[in-house]
Amino acid sequence: MWARGTVSPQTRQTAPRRFTLALGAPAPVRTSKLTVLVARFTIGSTQQLGHVLYERLGLKGGRKGKSGAYSTDVTELERLAGEGVECAKLVLDWRQLTKLKNTYTDALQAQINPETGRVHTSFSLAAAQTGRLASTDPNLQNIPIRTEIGRKIRDAFVAEPGHVLMSADYSQIELRLAAHMADVPALKDAFRAKADIHNLTAIELFGSEDRENRNKAKTINFAILYGISSWGLAGRLGVSREEGQAIIDRYFERFPGIRNYIAQTLTFARENGFTRTLFGRKTHFPNIDSRQQNLRQGAERAAINAPIQGTSADLIKRAMARMDGALESAGLEGVRMLLQVHDELVFEVPDGREEQAADVIRKVLADAAEPAIKLDVPLDVEVGWGSHWGAAHR
DNA sequence: TATCGACGCCAC
DNA sequence: AAACGTGGCGTCGATA
């Protein structure tokens, strides 16, 4: 992957790899300049909004941040909206639209290189502590996908005529790595059987896999990877801290390998000051012994996560390093690797070569651990393609 | 005009 | 107090 700023122009042997941003497409979001009228107060910033909501309108339950200002983040505004405060919903809608317009629609079009007519990102190789890449100027690793309107931004990224955009992403890679690294037979069996892992967790924890319980299980599965706390889980699930702790206890009862992994990882990090990925790469934690509780606990959570997130980063880098050679060996020189988004690679593929390219790409990603590591779980890769990026996720 | 911290929010 | 991990970036308000 070429990186502007780290590869000098004269060393380039091919044109930079790039996305086209469809200039002809209508801007998917239109908003007027920020000025939201709440009752008879004009709001121009979050600080002013918080002040109006809690001091002048007299609403209850405000939460304050480190600067002492009332928080007006999405959890607070959704709470207020649920309590019948209509302007909270208006502000949330306005926030979503201005976020998409300012951060994506306008900024990305301003980033189009006049020489190439494309948007070029830069990848930092040593920005993230865990070994992930980081994308800047512009960041193409945080293009919206979650909401319907946000997804329209992805649809503006289109393939060159005669080509498609192909996306290949690892399915549940961090949970798979957790199952392997923590040696959890139930989870490893589930992945080998291609079971739905969140349903399995829901059954184990709640005895049922209805949608509500599956969603709770999904939250818990992610929380595990991030170094769980009863407060954090309670906040996410909207339950009391005691209930959050009870759920964690039950999880560790059902999957004792996870509890052992966490304990062993923390012991190692305290003794050595670092953790290692499966491939041996270190992440250091200078605050692991801090006398400041918030710093120490933050380091502990990061140390629990780093071997998993870092191994995932190692795997996709190994795949990227092998990808061009594999494509070339298959006679697929026309396929270009454009972008990495942590567990996803995006390619531009000539029309008619889709199935062939998908086979090569899937195999390189699925075999990325070999021959250094024999994983106990398969690495599943989901491949899709279409005329635009949004259509490549199926 | 440039930079910074705080806040908020997009992604994986 | 802070409260599940990793990032980048937009706006605001303060400051140089």
Segment A:200-296 - percent relative contact order, Cα under 8 Å, separation 6 or more: 14
Derived scalar couplings ³J(HN,Hα) [segment A:323-334; Karplus, 6.51 cos²θ - 1.76 cosθ + 1.60; whole Hz; x for Gly, Pro]: 5, 4, x, 5, 5, 5, 4, 8, x, 10, 4, x
Charge dipole (chain A, unit charges on Cβ, about Cα centre) - positive-most of A:Gly207, A:His51, A:Asn102: A:His51
Charge tally in the Cβ shell below 12 Å around A:Val74, where Lys, Arg are +1 and Asp, Glu are -1, A:Val74 excluded: 0
Qualifying lysines (Cα of each under 25 Å from Cα of A:Lys374; at least 8 residues distant if same chain): A:Lys188, A:Lys194, A:Lys282, A:Lys317, A:Lys363
Percent breakdown of C-alpha pair distances by 5 Å bin, ordered from the shortest bin, for segment A:167-212: 5, 21, 27, 23, 16, 6, 2, 0
Most positive-pole-ward Cα, A:Asn294, A:Phe123, A:Gln356, against dipole of chain A from beta carbon charges: A:Asn294
Fraction in percent of alpha-carbon pairs per bin - 10 Å, segment A:250-320: 21, 44, 29, 6, 0
Total charge dipole magnitude, segment A:196-333, about the Cα centre, Cβ charges on Lys, Arg, Asp, Glu only, Debye to nearest 20: 440
Placed amide H near A:Leu339: partners under 5 Å, 5+ positions off or other chain: A:Val346
Built amide H within the under 5 Å cut-off of A:Arg63, gap 5+: A:Ser71
Measure of compaction for segment A:97-155 (Cα Rg per 2.2 N^0.38 Å): 1.24
Neighbour-limited loop hits for chymotrypsin sites (Phe, Trp or Tyr not before Pro), segment A:170-251 (at most 16 other Cβ within 10 Å; DSSP other than H, G, I, E, B): A:Tyr226
Relative contact order %, chain A, counting alpha carbon pairs below 8 Å whose residues are six or more apart: 20
Debye log10 I(q)/I(0) at q = 0.14, 0.19 Å⁻¹ for segment A:221-359, Cα point scatterers: -0.79, -1.06
Mean projection area, nm², convex hull over Cα of segment A:303-389: 6.3
Whichever lysines have a C-alpha closer than 27 Å to that of A:Lys89, once near sequence neighbours (fewer than 8 apart) are set aside: A:Lys33, A:Lys60, A:Lys64, A:Lys66, A:Lys99, A:Lys101, A:Lys152, A:Lys216, A:Lys218
Phi-based couplings in Hz for segment A:222-239 (Karplus 6.51, -1.76, 1.60; Gly and Pro marked x): 5, 4, 4, 5, 9, x, 5, 9, 5, 5, x, 5, 4, x, 5, 8, x, 10
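Quick one: divide the alpha-carbon radius of gyration of chain A by 2.2 N^0.38 Å and tell me what you get. Numbers along the way, then the final one.
On the way: Rg = 23.4 Å, N = 394, 2.2 N^0.38 = 21.3 Å.
Taking the Cα Rg and dividing by 2.2 N^0.38 Å, one obtains 1.10.
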Cα point-scatterer Debye curve for segment A:146-222, base-10 log of I(q)/I(0) at q = 0.11, 0.13, 0.17, 0.20 Å⁻¹: -0.45, -0.58, -0.79, -0.90
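Any idea what the dipole of chain A comes to, in debye rounded to 20, about its Cα centre with Lys/Arg Cβ at +1 and Asp/Glu Cβ at -1? List each step's numbers first, then the result.
On the way: 52 positive and 45 negative charges, 247 e Å.
Dipole size: approximately 1180 debye.
Dipole of segment A:282-387, Cα-centred, from +1 at each Lys and Arg C-beta and -1 at each Asp and Glu C-beta, to the nearest 20 debye? Write down the numbers at each step before the final one.
Working: 12 positive and 18 negative charges, 148 e Å.
So the dipole magnitude of segment A:282-387 works out to roughly 720 debye.
DSSP loop (so not H, G, I, E, B), at most 11 other Cβ within 10 Å: list which trypsin sites (Lys or Arg not before Pro) in segment A:167-220 pass both filters.
On the way: sites: A:Arg176, A:Lys188, A:Arg192, A:Lys194, A:Arg211, A:Arg214, A:Lys216, A:Lys218; in loops: A:Lys194.
Qualifying residues, ordered by number: A:Lys194.
Can you give the convex hull volume of the alpha carbon atoms of segment A:136-295 per residue, in Å³?
It comes to 199 Å³ per residue, whole-number rounded.
Going through segment A:352-394, which GluC sites (Glu not before Pro) have at most 10 other Cβ atoms within 10 Å and a DSSP loop state?
For GluC sites (Glu not before Pro) across segment A:352-394 that sit outside H, G, I, E and B with at most 10 neighbouring Cβ atoms in 10 Å, the list is empty.
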Three semi-axes of the equivalent ellipsoid, segment A:341-389, Cα gyration tensor, whole Å, largest first: 24, 12, 8
Net charge of neighbours whose Cβ lies under 13 Å from the Cβ of A:Glu83, counting Lys and Arg as +1 and Asp and Glu as -1: 0
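No lab work stands behind these numbers, since they all come straight from the coordinates. Nothing here was measured: the structure is a model prediction, and the numbers come from that model. When we count neighbours, we look across all protein chains shown, and the Cβ atoms used for this are built from the backbone with ideal geometry, even at glycine.
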